[in-house]
Each structure stands twice: as C-alpha cells, then as structure tokens.
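Below: the structure, in structure tokens.
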Ligand SMILES: [Zn+2]
C-alpha cells in the first residue's frame, strides 16, 4: 500500500490536491462470510485527490487490485436487480445499433470486466461472438455457468496481445462498464484497447459521472474500488493521450447518474455531442477546492440527519434496519459509524451477499423477507438510486415499515 503520487490520466505529479477525506474504510464490495468473522477487517484511508492539470479525481490510497478482487470473493453482480438487468439488455441493443459503425452477425465483441457474464450473454443473443475478461474467479465461475466465454485476468496491453493472437484479428467493439473507474493503470488499459480495437472500431465505456456525484452531494459513491472519478473532461484527456477521441456521450440515470462514452481512433470530426456536458462541467467549478468543501458540508448535513433519525428511533425503542447492501451502503455506514450495535440487519436481493456481513460494521445481510412480521421498524434505504422499486417491495412485505431515504428527508 502507498499513496498515488501521480495523476492516473495525465501522469502529472506536482499538481495533486487532496479535496476529500472520509476517514478509514474497508473495501466496500467485500462482504464477510460467517467463517471469517473472527478475522480483523482491513481499513485504508479513503481520500480523493484532484489533478489541477487535467481535472481528474482519484483516490489517494492505493489498495492492491489483487486485494480488491481476489482476497475475498468479490460480491457485486452487475445483474443483481430487475432494474440492472433491464439496463444491460437495453445497453446491448443500443450500443450495437449505434450509427457510428455497422456490426455484422458473428462479429467479435470484447467486454472488459465481464462480471457474471450477463451482458456477454445479451450480446451473444444478438448474434455476436462475445468474450469477457475479468479478474474475479467467483465472477468467472458465474459467467461460465451462463455459458459465456471468459478470459481470466486483468485486461492490459499484454492480455490484449494474447487475445489478438487467439482471435487472429482486431475487434470492432470493446465495451467496459463501471470498469475504467476501477482500473489502477489506465495507461496500460488504453494501450490494450488500442492494440485490440480495429482501426474503425468503437470503444464504449460507461461509468458514474463525477459531475452528478458532486451536484447531488452523494459522497457514498466514493470507495476504494472506485479508483477514478471521471468527468467528460478527464475522459477526453485520457483518450486524447492515446490517439482516440469522443464520438458522442450519453447521460443515463444508472448508479445515480452515469455517462456512456463512445470513442474511436481520430474521431475529431464528430465532436458536437459532448459540448453541452463539457460546458456543464466547467460551470460546476470542478477544479475549485471550494466546490468540494461545499460538497462535504452538504454530505455531512445529510448524513447527520440520518444519524439523528436513527438515534431518535432507537431511543424510542424502534428497531432499525437498512435496505440495500451495496458498496455505497458501506461508505455510508462507515462514515456515519452506524454498525451492528444499532442496525439490526441490512437486506439485499443478491444471493451472493445474503448470509454474509458488512465489512467493519458487521451487520448481517438478510433477504428483504426479514422485514416480514417485524412491525414498525425504521428502514434506511441505503440503495437510494433504486429506492422507488425497493420501497414498493418492502411495503408489500410489511406495510408498517417506516421508510427513510437519505437526502429525501
Ligand atoms: Zn491529471
């Protein structure tokens, strides 16, 4: 472990400024199985630095990627809700219908960070030959159960070379969703993309939009697995340094506000798309440290409201639980020091999380059914980005539950 001392995008060393310090946090996507409860939790300082040269934001503390994805079974499955599945089914259709290129049945599609293989399968259903790449053995086992083709490991230039040798040709489409922001060596990733992507091929990546996180004051989007926090400005810089440019950018509500970037080699002719977003990013003063002081003050007020509500409920004898054992819930729980002493349980729909415990706060993860017959519990919706369907589901199980969505009052 150490500090990241240079910007992962522009490689500048001297202009990194710490803008956010959330204290000590465990890995947010690592949940603890019962048999490992006696082991201590590892915590690392969760801080963000801003590169004053290119505007990129990244976590300061380096946690070894093998610690992040291999030491424990990685628990996040990208098809973990109906909402998520709908998003990825639509994604496969929209991306392959994209006007910028015409894919033919049988064409190769490579997905970086293929997770449980759900999206690979969707591309396969549309008639493409899809290969996934993912470092997590647990996820690769799930993908194999779906019958999708997966190469195990971290995608980088070396892996791109071996895939190229295997395929015998470059590929017209590489996709990476909520992956580029997890990558330690962005330069090696981009060298790999350039190696494997056909000359007229398109690289599509989707990730949470830092502008949205800042505007909505959602600091729980910050955790160690999210190494980078991209804007269109910083994404454009990274692509430019590798001879690529942005064809278009689309915004969507996934993960509380994401951008989908379509990039190709030398796409200089097609730039009007992101101009509005670039203007929004400029207007939001994302290079000013004052912006982040305001963000933290707002988040502290919001978190303080939740803690007040929870303590009040507990004081009055009302039991308290949380809904949604997402990574963001772990940032929230560790930041507010709400743990198993006061939170009875946290519910989640994922079979890969139920039966485990949240890291450091050690709250048992149960299914939503745990709310049945529990009377008037207070339930804090930690997966606020899908609060609508979650609230409906919990109310069906137990109409007496009092739901509280942080930030909504
Ligand atoms: Zn930079």
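Computed from the coordinates by the stated procedures, all read-outs in this text should not be read as laboratory data. Everything numeric here is computed off the predicted structure, so don't read it as measured data. Using ideal geometry, Cβ is built from the backbone for each residue, glycine included, and neighbour counts are taken over all protein chains shown.
Rounded if a/c is under 1.5, else prolate if a/b beats b/c, else oblate: with a ≥ b ≥ c from the C-alpha gyration tensor eigenvalues square-rooted, which is the range 277-367? Oblate shape, in that a/c is at least 1.5 and b/c is the bigger or equal ratio. Using 0.36 nm per residue and subtracting the Cα-Cα separation, the extra length available between residue 344 and residue 215 on full extension is 43.2 nm. Across 297, 84, 176, mean-square fluctuation computed from a Gaussian network of the chain (C-alpha pairs under 10 Å connected) peaks at 297.
Need the full-extension length gain, residue 318 to residue 3, defined as separation in residues times 0.36 nm minus the C-alpha distance. One decimal, nm.
Details: separation 315, 0.36 × 315 = 113.40 nm, distance 4.29 nm.
Gain in length upon complete extension: 109.1 nm.
If a/c stays under 1.5 just call it rounded; otherwise compare a/b with b/c (prolate if a/b is bigger, oblate if not). Do that for the range 5-128, with a ≥ b ≥ c from the square roots of the Cα gyration tensor eigenvalues. It is oblate, given that a/c is not under 1.5 and a/b is not larger than b/c.
With a Förster radius of 30 Å, plug the Cβ-Cβ distance of residue 141 and residue 337 into 1/(1 + (r/R0)^6) and report the FRET value to the nearest 0.05. Please report the intermediate quantities before stating the final value.
Numbers: r = 35 Å, r/R0 = 1.18.
It comes to 0.25.
If R0 is taken as 30 Å, the Cβ-Cβ distance between residue 165 and residue 293 corresponds to a FRET efficiency of 0.05. Between the helical axis of 82-96 and the longest alpha-carbon principal axis of the chain there is an angle of about 10 degrees.
Label-to-label distance for residue 392 and residue 351 is 2.4 nm, based on points extended 7 Å past Cα in the beta-carbon direction.
For the chain, the 222 nm mean residue ellipticity estimated from helices alone, with every DSSP H stretch of n ≥ 4 adding -39500 (n - 2.57) and the total spread over all residues, rounds to -10000 deg cm²/dmol. Largest mean-square fluctuation among 135, 65, 26, in a Gaussian network model of the chain whose springs join Cα atoms under 10 Å apart, belongs to 65. Shown here is the pair-distance distribution of the range 239-392: with all Cα-Cα distances grouped in 10 Å bins from zero up to the longest one, the shares run 9, 28, 26, 19, 14, 4, 0 percent. Could you calculate the FRET efficiency of residue 66 with residue 252 from 1/(1 + (r/R0)^6), where r is the beta carbon distance between them and R0 is 35 Å, rounded to 0.05? After rounding, the FRET efficiency stands at 0.65.
Counting only the backbone N, which residues of the range 208-234 are under 19 Å from the spot 7 Å out from the Cα of residue 21 toward its beta-carbon? From the range 208-234, the list is 219-220, 222-224.
Classified by the C-alpha gyration tensor, the chain has a prolate form. Its axis ratio a/c, with a ≥ b ≥ c, is 1.5 or above, and a/b is larger than b/c. Axis angle, to the nearest 10 degrees, between helix 289-315 and the longest C-alpha principal axis of the chain: 30 degrees.
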